[in-house]
1. Would a scan of region 8-19 turn up a residue that is basic (Lys, Arg), farther than 22 Å from PHE216 by Cα and at pLDDT 95 or above?
2. For region 22-71, enumerate the residues that are crowded, with 24+ Cβ neighbours inside 10 Å and polar (S, T, N, Q).
3. Output the helices (runs of 4 or more DSSP H) that fall wholly within region 1-87 and possess 2 or more residues being under 30 Å from GLY122 (Cα atoms) and in contact with a Leu (Cβ under 6 Å, 6 or more places away or on another chain), or say none.
4. Looking at (1) modelled with pLDDT of 95 or more; (2) of a type in the set (S, T, N, Q); (3) within 15 Å of the chain's Cα centre (by Cα); (4) not in a helix (DSSP H, G or I), can you tell me which one ASN108 breaks?
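The values are calculated or read from the model by the stated rules, or taken from the named source; none is laboratory data. Keep in mind that this is a model prediction, so the values were computed, not measured. Cβ coordinates were reconstructed from backbone atoms using ideal geometry, including for glycine residues, and neighbour counts include every protein chain displayed. Surface areas here come from the heavy atoms of the whole protein model, side chains and all, with no ligands, DNA or RNA. Shrake-Rupley method; radii C 1.70, N 1.55, O 1.52, S 1.80 Å.
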Amino acid sequence: PSMRDTSIRLHYEQTEWCSGREEQVRFNAWKLGQTGYPLVDAGMRELYKTGWMTQSVRMVVASFLVEYLRVNWTKGADWFHYTLVDADSAINSMMWQNAGRSGIDQWNFVMSPVAASQDASGDYTRKWCPELSKLPKAVLHKPWEAPIPVLEAAGVILGTNYPLRIVSDLKAERSKSVEAVLKMRSSNQQSNSDRGYDMITLPDGKQTVVFTKKEFRIDRQGNVTKEAAATKKSSGRGRGKGKIKAKDKASQKKLL
């Protein structure tokens, strides 16, 4: 009953998020489509204008808020519940719990805000971010990489008629997100299984293991498990490209 604003993995309430004025600046930019990341902004503008957005874009904007802006998932859940015409308290809350890592499941991927495989033609972004409509496809979803002559030809002035990026170092922000989870999990060993998985307490008082991403699995000393470390080293170059494994796609409809 409390999952709209309280982590199902209760110890995740101790996770450190971005806070204070910085949190407010980031959240306001996100909810009104002013982050400087065109695909994210397109989705959030569509949401505010129409009360809806397609499933794949919902996942992009949710992942961006949690993983890169480091804003508590509860704020995203509240905004979606307020703006979505198809808002359902249970579905919306569980989707955001999973995106925020604290639900029954954890998203086993991180959606890229720049790969933009969800908008291959660029038409979606051009519709909702018309100030960028004249940019060539190669830089449409990352206008900060466009040469000045290209920006000038398209009538784009970053920081004037289209916002500068709210965060510029995605890798660093993502690293802070991961470290915050690892720190929280390390201080809650009573909720850590022998294999490094999270454990939650069911309504009847029994404990059960729930899926935990490899990068969050730790041993009794708080160190990332050898299995997780090996996976991170071998697959790091493919993270964040916006691609999802086939086995994950089947579960997405249940979340969104």
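1. No, region 8-19 contains no residue that is basic (Lys, Arg), farther than 22 Å from PHE216 by Cα and at pLDDT 95 or above.
2. THR35
3. Numbers: elements: 20-31, 38-50, 55-63, 73-83.
Once the helices (runs of 4 or more DSSP H) in region 1-87 are filtered for at least 2 residues that are under 30 Å from GLY122 (Cα atoms) and in contact with a Leu (Cβ under 6 Å, 6 or more places away or on another chain), what remains is 20-31, 55-63, 73-83.
4. All conditions are met except number (1).
Matching residues to (1) outside any loop (DSSP other than H, G, I, E, B); (2) out of contact with any Cys (no Cβ under 8 Å at 6 or more places or on another chain); (3) open to solvent by less than 40 Å² (accessible area, probe 1.4 Å); (4) among the hydroxyl-bearing types (Ser, Thr, Tyr):
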| residue | (1), (2), (3), (4) |
| --- | --- |
| ILE91 | yes, yes, no, no |
| ILE104 | no, yes, no, no |
| ARG126 | yes, yes, no, no |
| THR160 | no, yes, no, yes |
